[in-house]
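Asks: What follows is a structure written as structure tokens; I'll ask about it next.
The values are calculated or read from the model by the stated rules, or taken from the named source; none is laboratory data. From a predicted model like this one, the values you see are computed outputs, not experimental measurements. Here the Cβ is made from the backbone with ideal geometry for all residues, glycine too, and neighbour counts use every protein chain on show. The protein model used for the area step is the full one, side chains on, heavy atoms only, and it has no ligands, DNA or RNA in it. Shrake-Rupley method; radii C 1.70, N 1.55, O 1.52, S 1.80 Å.
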Amino acid sequence: MSDQRLLIRGGTVVDPANGIDEERDLLIDGDRIAAVDTPGQIPDPGSSLDATGCWVTPGLIDMHVHLREPGYEYKETVQTGTLAAVAGGVTAVACMANTLPVNDSAAVTEYILERARLTGHARVHPIGAVSLGLEGKHLAEIGEMREAGIVAISDDGMPIADAALMRRALEYAQLFDIPVIVHEEDPALAADGVMHEGQTCFHLGLKGMPSAAEEAMIARDLAILEQTGGRLHIAHLSTAGSVRLVAQAKQRGLPVTAEVTPHHFVLTEEAVRQYDTNAKMKPPLRTSADVEEMVAALRDGVIDVIATDHAPHHRDEKNVEFEEAAFGIVGLETSVPLTLQLVRDSGLTRSAMIEAMSARPARILGLEAGSLAVGMPADVSIIDPQHRWTVQLDGLHSKSKNSPFAGWDMVGAARATIVGGRILWPQEKGTE
Amino acid sequence: MSFAGDHLLGLDGLAREEIEYLLESAESFREISAREIKKVPTLRGKTVVGLFFEPSTRTRTSFEIAAKRLSADFVSISGSTSSATKGETLLDTARNVAAMNPDCLVMRHGSSGAPHLLAAEVGCPVINAGDGAHEHPTQALLDMLTIRDKVGRIEGLDVAIVGDILHSRVARSNIHALRALGARVRLIGPPTFLPPVARHWGEVHHDMAAGLRDVDVVMMLRLQRERQGANFLPSLDEYSRYFCLNAERLQLAKPGAIVLHPGPINRGIEIASEVADGASSVILDQVTNGVAVRMACLYILAGRARVAAVEERQVV
């Protein structure tokens with residue numbers, strides 16, 4: 001069915017990898033991009049999609065997602081998670097290794113890819129564990145997993161306390177030219193904290209996670225990186241101090257990249273005020289000064305990537321005492337409108353937005369994606385930046401509904417999501 | 001003026017008039033406890049359920065006596081006999097209790113914010129009897145009642161709170177009440193118990209002598225012994241060297257200054273026996289006032305449930 005041609009006309013092509021940000025028509029032939037040209041130049045092949053008023057971008061890539069399969073299918077599956085992805089305009093996700101069993105072997109990697117082939121909507125790129133069982137002791141068989149299809153390694157969720165293991169991971173991963181993605185949190189400093197340590201935390205009588213818990217680990221890993229080389233990607237920055245450390249490291253030419261989640265550039269610790277467990281995540285929501293720094297760092301390119309850390313949890317895991325509740329929120333279906341808010345109000349260019357949501361994650365993970373150049377796979381997101389909608393939890397496609405954005409009025413949504421030349425969003429009736 | 005809330009979860013955000021209304025109500029109930037027959041029929045036929053997920057002797061006893069003096073039936077479920085140990089969630093326990101139609105729930109829980117979760121779920125008033133390090137509103141109300149009684153006012157007083165502010169729900173509720181009622185608050189303790197953000201709530205002192213100078217009221221906090229294991233302090237001995245309220249240090253306060261402590265006291269650690277048993281101590285008055293304050297809170301909240309139910313019947 002992919003040997004058809006489809007013309008996307010009338011839209012604005014935003015393709016930072018090729019320096020394009022203007023009205024263009026785009027032709028897909030089968031599963032590849034066949035032509036990009038000024039409006040009206042490409043003859044209608046008989047099948048076309050009107051993108052007037054929309055942005056036509058390389059498929060968005062969310063490089064930090066928890067699909068929960070295998071092991072936690074009651075929270076999310078490859079099927080529901082990738083459906084949420086395409087509904088949010090995302091054509092590819094990289095999924096973290098903290099499944100059950102942990103993705104620390106080729107067998108689990110192959111299983112995830114098999115589930116993706118059978119049930120997936122968006123493309124799925126597994127991330128392997130750094131250490132066996134995420135226990136932070138012994139390196140997993142990274143080569144075996146790489147051959148099976150992983151695109152990076154990470155013990156996300158379990159910070160690597162052992163500096164020597166971190167060193168060996170950065171060294172060994174160079175054998176396969178894949179990045180080591182780190183969740184930076186000093187376990188002793190963060191201890192049993194449940195929110196940002198600051199004024200709100202003191203007020204609410206909750207245990208805090210200080211900014212220093214994140215910054216101390218980033219400082220450590222940058223020092224190790226300087227010695228080992230390799231590629232370090234720092235997940236979900238949340239503090240102004242972290243941004244400063246990354247900026248300095250980049251100035252020194254260290255091979256480091258960094259990401260931020262929409263919730264860390266939109267929400268502050270204030271969201272916890274009523275003990276809302278959907279505002280509980282790691283790293284925690286910080287202060288308004290930190291939020292300002294996130295936005296500035298995105299504008300300046302100090303932060304390379306926007307990724308959601310989509311972390312589905314069952315309602316029973318959230319509808320408990322704040323201290324008992326699971327960390328994390330879903331994010332795939334709200335990242336586009338939340339980021340568009342920065343484009344409208346905070347001086348982020350749309351080209352920078354698409355770079356952070358597509359071109360750069362593609363480059364970091366070594367994917368054949370993130371560009372609309374002729375011959376590239378036809379992964380295309382069509383974004384309507386004006387579409388108004390209200391977040392209703394029942395309307396989310398993720399199996400879990402743990403979002404702090406319930407009831408928020410959003411502007412911007414995916415008009416269509418095309419993966420390998422096939423329109424996977426909106427869904428044709430009866431295909432769900 | 002009256003008390004507008006459906007629940008008493010904390011004193012944070014309450015208007016001065018609301019706190020004063022609660023205190024005045026408590027004053028009017030105090031007389032009942034001095035009678036020979038210490039019982040009035042005010043809450044006859046009402047059921048008050050105490051959910052104590054954390055050990056509590058004096059607060060539970062105080063609530064129980066308060067409920068019984070108002071003729072309410074008081075049933076108490078403690079942590080060890082509840083289903084919490086069987087893995088039942090807080091909300092499931094609460095829903096089951098709520099299904100038995102209580103008129104008021106009183107909850108003590110080790111987790112900050114737990115009463116908020118409960119209040120959102122059950123259809124009856126909830127009184128917070130202490131949640132984690134967050135609030136203990138009835139304790140602060142009885143402290144306010146005691147200060148008003150002994151000093152005559154709260155507005156304009158200098159009040160020092162001494163000890164483990166970081167982990168203290170008693171401190172938080174008292175800070176909110178004192179600020180609402182116009183007192184000046186000083187917070188005294190080692191920096192491990194007083195993070196930099198504490199300065200938003202009061203004048204921070206690490207030196208006991210400087211902090212106590214010319215205060216009208218000293219509120220001591222109980223030191224949890226497990227804090228030394230977590231390195232908040234090197235030893236109880238060293239803590240008492242710098243922060244124990246002894247007679248000599250109390251001399252620095254205004255003549256006639258009073259000393260409060262929520263109990264149970266650690267003699268010789270945060271408070272010397274000479275002070276705890278001395279003329280300045282109002283510790284037992286606090287306990288007496290605790291019953292009156294809890295009678296007032298039960299009357300206002302459990303009593304209101306009856307009003308609503310009666311109105312509902314009339315509509316039908």
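Asks: For the range A:180-236, what D do you get in µm² per second when you plug the Kirkwood radius from alpha-carbon pairs into Stokes-Einstein at 37 °C and 0.692 mPa s? Write out the running numbers ahead of the final one.
Replies: Working: Rh = 12.3 Å.
Reported coefficient: 267 µm²/s.
Asks: Just to confirm, what accessible area per residue do you get for the range B:137-286 at 1.4 Å probe, in whole Å²?
Replies: Per-residue value: 39 Å².
Asks: Kirkwood hydrodynamic radius (Cα pairs, Å) of the range A:1-155? Present the calculation step by step, with values, prior to reporting the outcome.
Replies: Values: mean 1/r = 0.0579 Å⁻¹.
By the Kirkwood definition, the hydrodynamic radius is 17.3 Å.
Asks: At q = 0.09 Å⁻¹, what log₁₀ I(q)/I(0) does the range A:203-347 have when each alpha carbon counts as one equal point scatterer in the Debye sum?
Replies: One equal scatterer on each Cα of the range A:203-347 leads to -0.29.
Asks: So, one more: Compute and list, largest first, the equivalent-ellipsoid semi-axes of the range A:59-365 from the alpha carbon gyration tensor, each √(5λ) rounded to a whole angstrom.
Replies: Semi-axis lengths for the range A:59-365 are 26, 22, 21 Å.
Asks: Ballpark to the nearest 100 Å², how much total accessible area do B and A bury together, probe 1.4 Å?
Replies: 1500
Asks: Next question. Under 10 Å, Cα contacts only: if you run a Gaussian network model on chain A, which one of A:ASP394, A:ASP62, A:ASP21 comes out with the highest mean-square fluctuation?
Replies: Looking only at A:ASP394, A:ASP62, A:ASP21, the biggest GNM fluctuation is shown by A:ASP394.
Asks: Over all pairs of distinct alpha carbons, what does the Kirkwood formula give as the hydrodynamic radius of the range A:184-283, in Å?
Replies: After inverting the pairwise mean of 1/r, the radius is 14.3 Å.
Asks: To continue, here is another question. When chain B is modelled as a GNM with alpha-carbon springs shorter than 10 Å, which of B:GLU88, B:GLU24, B:GLU54 fluctuates the most?
Replies: B:GLU88
Asks: Right, here's the next one. Please name whichever of A:ALA352, A:LEU342, A:SER403 sits farthest to the positive end of the charge dipole of the range A:315-432, dipole taken about the Cα centre and charges placed at Cβ: Lys and Arg +1, Asp and Glu -1.
Replies: A:ALA352
Asks: Straight-line reach from A:LYS280: which lysines have a Cα under 25 Å away, not including same-chain ones fewer than 8 places off?
Replies: List returned: A:LYS75, A:LYS207, A:LYS318, A:LYS399, A:LYS401.
Asks: Let a ≥ b ≥ c be the square roots of the eigenvalues of the Cα gyration tensor of the range B:1-97; is it rounded (a/c under 1.5), or, if not, prolate (a/b larger than b/c) or oblate?
Replies: oblate
Asks: Another question, if that's okay. Could you sort the residues of the range B:190-228 by number and keep only those whose accessible area is reduced by 50 Å² or more in the all-protein-chain setting relative to the chain alone, 1.4 Å probe?
Replies: B:VAL197, B:TRP201
Asks: Moving on to the next point. With a probe of 1.4 Å, find how much accessible area the range A:59-365 has per residue, and write the answer as a whole number in Å².
Replies: Roughly 33 Å² per residue, with all protein chains present.
Asks: Shifting gears a bit: Averaged over all directions, how much area does the convex hull of the C-alpha atoms of the range B:249-288 cover when projected, in nm²?
Replies: Computing the convex hull of the Cα atoms and averaging its projections yields 2.8 nm².
Asks: Please report, to one decimal in angstroms, the Kirkwood hydrodynamic radius of the range B:137-286 built from all distinct Cα-Cα pairs.
Replies: About 15.0 Å, per the Kirkwood formula over Cα pairs.
Asks: Considering only C-alpha atoms, what is the centroid distance from the range A:92-145 to the range A:200-255, in Å?
Replies: For the range A:92-145 versus the range A:200-255, the Cα centre distance is 25 Å.
Asks: Which value, in Å² and to the nearest 10, is the accessible area of B:LYS150 when all protein chains are kept and the probe is 1.4 Å?
Replies: 100
Asks: Might you report the magnitude of the Cβ-based charge dipole of chain B about its Cα centre, with Lys and Arg at +1 and Asp and Glu at -1, to the nearest 20 debye?
Replies: On the way: 35 positive and 37 negative charges, 98 e Å.
Dipole of chain B, to the nearest 20 debye: 480 debye.
Asks: How are the Cα pair distances of the range A:260-319 distributed, in percent, across 5 Å bins from 0?
Replies: 4, 17, 26, 23, 16, 8, 5, 1, 0
Asks: Moving to a separate point now. Rank A:GLN199, A:GLY133, A:ALA297 by how far each Cα sits towards the positive end of the charge dipole of the range A:59-365 (+1 on Lys, Arg Cβ; -1 on Asp, Glu Cβ) and give me just the farthest.
Replies: The residue sitting farthest along the positive end of the dipole is A:ALA297.
Asks: What is the mean projected area of the alpha carbon convex hull for chain B, to one decimal in square nanometres?
Replies: 16.9
Asks: In the range A:37-71, which residues have a backbone nitrogen under 19 Å from the label point lying 7 Å from A:TRP389's Cα in the Cα-to-Cβ direction?
Replies: In the range A:37-71, the label zone of A:TRP389 (backbone N under 19 Å from the point 7 Å along Cα→Cβ) covers A:50-62.
Asks: Might you report the magnitude of the Cβ-based charge dipole of the range A:168-245 about its Cα centre, with Lys and Arg at +1 and Asp and Glu at -1, to the nearest 20 debye?
Replies: With Lys and Arg at +1 and Asp and Glu at -1, about 60 debye.
Asks: Another question, then. Rounded to the nearest 20 debye, what is the charge dipole size of the protein assembly as shown about its Cα centre when +1 sits on each Lys and Arg Cβ and -1 on each Asp and Glu Cβ?
Replies: 2160
Asks: Debye sum, Cα scatterers, the protein assembly as shown, no solvent: what log₁₀ I/I(0) at q = 0.08, 0.12 1/Å?
Replies: -0.74, -1.23
Asks: Towards the positive end of the charge dipole of the range B:83-228, with charges on Cβ (+1 Lys, Arg; -1 Asp, Glu), say which of B:PRO196, B:ILE154, B:ALA99 has the farthest Cα.
Replies: B:PRO196
Asks: For the range B:1-156: lysine pairs with Cα atoms under 30 Å, gap of 8 or more or different chains, count?
Replies: On the way: B:LYS38/B:LYS46; B:LYS38/B:LYS68; B:LYS38/B:LYS150; B:LYS39/B:LYS68; B:LYS39/B:LYS150; B:LYS46/B:LYS68; B:LYS46/B:LYS86; B:LYS68/B:LYS150.
Eligible lysine pairs with Cα atoms under 30 Å apart amount to 8.
Asks: Can you tell me which of A:GLY205, A:GLY81, A:GLY421 moves the most in a GNM of chain A? Springs connect C-alpha atoms under 10 Å apart.
Replies: Judging by the Gaussian network model, the answer is A:GLY205.
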